[in-house]
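See below for the structure under consideration.
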Amino acid sequence: MDDTLGPAWWREDSERWDLLQFEAAHDAAGLPLDQWWKDRSDVLDALILTPGPVDHDFARFLLEQETRFHRHCWGFSHTIETAALLLAEHRRPDDIWHLWQAITTSFDTWCGLPHQLLLAQGGTTRTIAYVAGSGHEQGDNLLGRLQGLAQATDDDVTALIAERRRYYTDTLPELDDAQEHEDDR
């Protein structure tokens, strides 16, 4: 992706988001892939390296695309976690359903995504109360998982989100450097 298409370019017009929409495909060997995974990955990497929360609707859109991608292609990529972090930073109660869907997409996302992100709306007690009163069709399943997590306060969740963002801020430039050296071979 062109470096001029940074986070500000994507924020200017939500119609541009279609350029990052999941598009199922298969390679010559029949393995599943997403036509736009690389572009979306570049955008997610740029967004996670940019301080502060991104547009809420854009964050939700990106997580939805990553969830669809991971459902189609299996495995685990850092992109679904960065998308989940960008959404969790907004700390909105109704985002729990999008985070839950991402976590339960596959065995790999179940194992790879931090389940504590489900507590982003305000810690264990507030999250359980919200889910219990929601009447959502996945409420019982989610409640079972939430009750199995260690107790966490709002401050604990804030620290987790900050720590995971720092991890990617430190790691992604190193991954890019390693990729550039590999591409030079």
### Query
Using a Gaussian network for the chain with springs between C-alpha atoms less than 10 Å apart, which of these wobbles most: ALA129, ALA46, ALA102?
ALA129
### Task
Compute, for ILE128, the solvent-accessible surface of its heavy atoms (probe 1.4 Å) with the complete set of protein chains present, and express it in square angstrom to the nearest 10.
40 Å²
### Query
Using a 1.4 angstrom probe and counting only protein chains, how large is the accessible area of TRP37 in Å², to 10?
80 Å²
### Message
I need the semi-axes of the equivalent ellipsoid of the chain: take the C-alpha gyration tensor, multiply each eigenvalue by 5, square-root it, list largest first in whole angstrom.
### Response
28, 19, 16
### Query
Dipole size in debye (nearest 20) for the range 1-74 around its Cα centre, Lys and Arg Cβ +1, Asp and Glu Cβ -1?
300 debye
### Task
With runs of 4+ DSSP H residues as the only contributors, calculate the mean residue ellipticity of the chain at 222 nm using -39,500 (n - 2.57) per run, divided by the residue total and rounded to the nearest 500.
-19000 deg cm²/dmol
### Query
Given a cut-off of under 8 Å on Cα pairs at least six residues apart, what relative contact order in percent is computed for the range 50-121?
36 percent
### Task
Kindly sort TRP100, TRP36 by accessible area of their heavy atoms, largest first, with the probe set to 1.4 Å.
TRP36, TRP100
### Message
Can you tell me the length gained on complete extension of the stretch THR50 to GLU174, counting 0.36 nm per residue apart and subtracting the Cα distance?
### Response
43.0 nm
### Query
Lys/Arg Cβ at +1, Asp/Glu Cβ at -1, dipole of the range 11-118 taken about the Cα centre: which of GLN116, LEU99, ALA29 is farthest positive-ward?
GLN116
### Message
How large is the accessible surface of ARG91 in square angstrom, using a 1.4 angstrom probe and rounding to the nearest 10?
### Response
60 Å²
#### Entry: Solvent exposure, largest accessible area first (probe 1.4 Å, DNA, RNA and ligands not counted), of GLU81, GLU15
GLU15, GLU81
### Query
With charges only on Cβ, +1 for K and R and -1 for D and E, what is the dipole size of the range 50-185 about its Cα centre, in debye, rounded to 20?
660 debye
### Query
Whole number please: convex hull volume per residue of the Cα set in the range 1-92, in Å³?
93 Å³
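The values are calculated or read from the model by the stated rules, or taken from the named source; none is laboratory data. Fair warning: this is a prediction, and the values are worked out from it, not measured in the lab. A quick note on method: Cβ atoms are made from the backbone with ideal geometry, for glycine too, and the neighbour counts reach across all protein chains shown. Each accessible area value is taken on the protein alone, full model and side chains, heavy atoms only, with ligands, DNA and RNA left out. Shrake-Rupley method; radii C 1.70, N 1.55, O 1.52, S 1.80 Å.
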